[in-house]
1. Keeping to the range 119-168, report how many residues are out of contact with any Pro (no Cβ under 8 Å at 6 or more places or on another chain), under 20 Å from residue 91 (Cβ atoms) and of a type in the set (A, V, I, L, M, F, W, C).
2. Can you confirm whether the range 103-111 contains a residue that is touching an Asp or Glu at 6+ places or on another chain (Cβ under 8 Å), modelled with pLDDT of 95 or more, crowded, with 19+ Cβ neighbours inside 10 Å and closer than 15 Å to residue 158 by Cβ?
3. Tell me, which helices (runs of 4 or more DSSP H) wholly within the range 63-175 include 1 or more residues that are touching a residue at least 24 places away in the same chain (Cβ under 8 Å) and within 16 Å of the ligand (Cβ to nearest atom)?
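The values are calculated or read from the model by the stated rules, or taken from the named source; none is laboratory data. What you see is a predicted model; the values in this text were computed from it and never measured. Because the Cβ atoms are built from the backbone with ideal geometry, glycine has one as well, and the counts that use them run over all protein chains shown.
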Amino acid sequence: MSLRNTPLGLVHAVDKEALLTAELRAAIDVHIAKYPPEWKQSAVMPALTLVQDHNGGWLTRELMDAVAAYLDMPETAVYEVATFYAMYDLEPVGRHKICVCNSVSCMLGGAEDLIAHLESTYGVHPGGTTADGKFTLKEFECLGACRHAPAVMIDKGYHECVTPADIDRIIADLD
Ligand code: FES
């Protein structure tokens, strides 16, 4: 029998409410309500995003376990999501995240030059954070803005046709 379409109901030892504030639980509940009760694990991605934002931009194992408990799903299933998608971070990050698309259109449109500029100007490499903690530099797969390459996502905002001069101006405006 395939388990592919079987809900992932589990009993967890973790206190479901220990690490998730009432506000976080209320925000996650909004997403849980979009699905049938037996499929509340479908809210795992917005739940992880909410918890990550609340934790300064990254996820601890304890927080992922708390999400698993809250959604009645295996911890490993939450780890799979958190490690597969590039928007989740499992280590501390800077105050901002600069995500440069490294897929074909953007690479042809100047993404490599943009990354080289960020490396030489700010002393940070993909996966790293500037010494002053201002931003973490990440390389992303296609951001879906291929017509306006190179595309960069800074925190939750998109920037298109970005030049080194553009990104310098944007970074200067970040706190
Ligand atoms: S290739 Fe960069 S947005 Fe699609």
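1. 6
2. no
3. Counting at least 1 such residues, we get 104-109, 111-122, 164-173.
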